[in-house]
Amino acid sequence: MMRSSWGFGQIVLLSLHVSLSTAFPDSILQILPENSGSSPHHRHRKIPRDDNLYCDSWRFVVEANDVGPWARIPSRCVAFVQDYVTNDRYRADSEAVADASLEFAKTVKVSGDGKDAWVFDIDETLLSNVPYYAVHGFGSETFDENSFDEWVDLAEAPALPASLRLYKELEQLGFKIFLLTGRTEFQRSATSKNLDYAGYSNWERLILSLQI
């Protein structure tokens, strides 16, 4: 029996979410990316003029998995994203998710037979890549796999403090920790080194992508 924890997507999103696009076949809210190809008239009719209002709504539809394909954040949201990930809001959101996850974990009767497992993602869940994105426009640049691989090889990504706290407390509760990541097998050594550097240890298994 495996009980998965919370994961994340992209750069700024660290929250429990329910996919509204799964619950509702038709999109109930859609803010189109700047490079979506929609006409200016269509885009201006639907998008709020105020940048903070627009960007907060854009963040919501990303979390709801309702924004569709996108390669970079809207240019008008760079300052919004930078402020979010470098200030108290990101930490507060992380703490809220960790607290909710821990409350759930405490309701589980851990058997002690080693079959009670907790699954963590790595990037933007256990490890923060904000230092990388800080020099790459906070997501305003199209993702470059080569430069990100160079960052991974440095093995210097810091822990998300709330995640590290949750990780340690789950260990104390008796959960076996599994790590699941989209990083590829050739990054195993650097990933293990980075996890150790950030304060994580004693995981049961690190599962990477077979893609090379």
Report whether or not residue 178 is outside any loop (DSSP other than H, G, I, E, B) and touching a Lys or Arg at 6+ places or on another chain (Cβ under 9 Å).
yes
Residues of the range 154-187 being polar (S, T, N, Q) and either surrounded by 14 or more Cβ atoms within 10 Å (Cβ to Cβ) or touching a helix residue (DSSP H, G or I) at 6+ places or on another chain (Cβ under 9 Å) (or both), which ones?
163, 181, 184, 187
For the range 113-153, what are the residues that are under 23 Å from residue 185 (Cβ atoms), in contact (Cβ under 8 Å) with a residue 24 or more places away in the chain and open to solvent by 20 Å² or more (accessible area, probe 1.4 Å)?
119, 121, 123, 143, 149, 153
Which of the residues belonging to the range 188-198 are surrounded by 15 or more Cβ atoms within 10 Å (Cβ to Cβ) and either among the acidic types (Asp, Glu) or within 19 Å of the chain's Cα centre (by Cα) (or both)?
191, 192, 194, 195, 198
With the first residue restricted to the range 82-110 and required to be within 27 Å of residue 131 (Cα to Cα), and the second required to be among the β-branched types (Val, Ile, Thr), Cβ contacts under 6 Å at 6 or more apart or on different chains are 84/12; 85/12; 85/130
(1) open to solvent by less than 30 Å² (accessible area, probe 1.4 Å); (2) over 20 Å from residue 175 (Cβ atoms) all hold for residue 88 apart from (1)
When the range 133-147 is examined, which residues are found to be closer than 22 Å to residue 193 by Cα and under 14 Å from the mean Cα position of the chain (by Cα)?
133
Candidates 169, 150, 156, 103, filtered to the one that is under 30 Å from residue 210 (Cα atoms), over 19 Å from the mean Cα position of the chain (by Cα) and either part of a strand (DSSP E or B) or at pLDDT 95 or above (or both):
150
Can you name the residue in the range 56-81 that is touching a residue at least 40 places away in the same chain (Cβ under 8 Å) and not in a helix (DSSP H, G or I) and is also surrounded by the fewest Cβ atoms within 10 Å (Cβ to Cβ) among such residues?
71
Show the residue pairs that are 6+ apart or on different chains and have beta-carbon atoms under 6 Å apart, the first residue being within the range 186-207 and in contact (Cβ under 8 Å) with a residue 60 or more places away in the chain, the second being open to solvent by 60 Å² or more (accessible area, probe 1.4 Å) and outside any helix (DSSP H, G or I).
204/176
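The values are calculated or read from the model by the stated rules, or taken from the named source; none is laboratory data. Not measured: the values here are computed from a predicted model. Every residue, glycine among them, receives a Cβ derived from its backbone with ideal geometry; neighbour counts consider all protein chains shown. We work out accessible area using only protein heavy atoms, side chains counted, and drop any ligands, DNA or RNA first. Shrake-Rupley method; radii C 1.70, N 1.55, O 1.52, S 1.80 Å.
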